[in-house]
Structures are given as C-alpha cells and as structure tokens.
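The values are calculated or read from the model by the stated rules, or taken from the named source; none is laboratory data. Quantities reported herein were computed from a predicted structural model and do not represent experimental measurements. Here Cβ is always computed from backbone atoms with ideal geometry, including for glycine, and neighbour counts include all displayed protein chains.
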Amino acid sequence: MKEPEDLKLPGLIALVGAAVAAGAAYIISGTYSEMFSELAGGMGPIIGVISAISAFFVFIIIWWIIFAAIFYGLSLAFGGKGTFKRTLEFSGIGLIPIILGTIISLLISLYYVPLIEVPVISGITDPAVIQEAMSQMMEDPAFREFTQVSSLISVIFLVWSANLWIFALKHARNLTMKQAALTVLIPVVICILVILVPAFTGISLPGGI
C-alpha cells in the first residue's frame, strides 16, 4: 500500500493466465474439431484457433477486469475507499492460484481428451443432428469425468484465490475483514455454483457453460 499503484506485475500475471487458458482451450477444442472433421474444408484448425483466442481474452476480461470491478462495486456498499486501479492491481496478483489450477486442468486434459468418443457430423444443415451429437459427447463417460474433475480443481483453486482477494480488498478498499469477506465471497460463491451445478447435475444455470 505504501508503493505507487502499478499494473505491470498483475498485468503480466493475467497475460500468463490468459496464455495457459488459451492452451487448455485449444487442446479441449480437439474434441469439437473431430466432431466436424468430415465437413468440407475442415473446421478443426479454425475451431481450435477461435477457442484459444476466446479463452485468452475471457481470462483477462472476466477473471481480472470484471471480477475487480465487481469487488470494487460491492465494496461501495461498505463505504470502501481506494482507487479502482489499486483494486485491479491487487486482484490481478490474486489470480496466481487460478492459473495454477488451469495448468493442472490442462495437464489432466492430455489424459482425458484422447479417451473421449466423439460422434462425427457430416453436415451442419440440420440443427437437431448437431444437438444430438453434442448430447452424445457430453454423455460420454470420459467427457463427464473430465468435466467433473476439472470443475473440482477450478473450485479448489478459486477458493484459494478468494482467500487472497479477501486480504487484498481489506487493504485496497480500507475494509474490515468481514466486509472484505462478504465483498469477495458473494461473487465467488455464485461462480462456484455456475461451475459445479452443470458439471454434476447436467442442469445449465444462467451464464453457465
């Protein structure tokens, strides 16, 4: 807190996390690439690149910027004092556990992805056919197990990050420990539900994957 606000380190951390997320998305997209492998021109490489680019920016925008903005906004209810830049700085440093969890999920995907039996679609003119193929893949035992394992890993490391964020918000926004905990845990608990409920029940929540 005695040092000038500086986004270089948290920005670097966010970029590393984005790169790891992009790599994981590219590997996992191989299942979808295989699904559309018989289409003319081949959509595999395109799906992989789009997935990687999307994951890269989603990590930076959602996990860093939007989460910091939510923390900043919620802390206003407790009379939080401090700049958004300081909140962004401390929130970025708290991403380190999430990055570690993403790396572990990436390594686990190297084992599970080859085990997934992917139905192949020969055409995309019938949405019902695509929906059926997607349902078949999601019901594949290896796919479901990977989804559940990676979801649990994500939650464990998200809780670790939440612990760091609580202390970060306490100082960045001049809050009590209880106020900082409420500020952080409200969005984190919602995020945990969005991750776990679809993975273990198959029920999609609003905003869920």
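Here are some notes:
- The listed residues are G92, G73, G80, G101, and the only one of them that is outside any helix (DSSP H, G or I) and of a type in the set (G, A, S) turns out to be G80.
- Selection of the range 104-131 for residues being of a type outside the set (A, V, I, L, M, F, W, C), modelled with pLDDT under 90 and in a helix (DSSP H, G or I) yields P114, P127, Q131.
- Close contacts from the range 166-187, counting a first residue that is farther than 18 Å from P97 by Cα and a second that is of a type in the set (V, I, T) and surrounded by fewer than 17 Cβ atoms within 10 Å (Cβ to Cβ), with Cβ to Cβ under 9 Å and a gap of 6+ residues or different chains, come to K170/T176; A172/T83.
- Contacts under 7 angstrom Cβ, first residue in the range 99-126 being closer than 12 Å to I28 by Cβ and surrounded by 11 or more Cβ atoms within 10 Å (Cβ to Cβ), partner at pLDDT below 90 and polar (S, T, N, Q), 6 or more apart: V113/T31; I116/T31; V118/T31
- Residues that are of a type outside the set (V, I, T) and outside any helix (DSSP H, G or I) within the range 132-180 comprise E139, D140, R173, N174, L175, listed in sequence order.
- If the condition is being surrounded by 14 or more Cβ atoms within 10 Å (Cβ to Cβ), without any contact (Cβ under 8 Å) to a residue 60 or more places away in the chain and of a type in the set (F, W, Y), then the range 49-71 contributes F56, F59, W63, W64.
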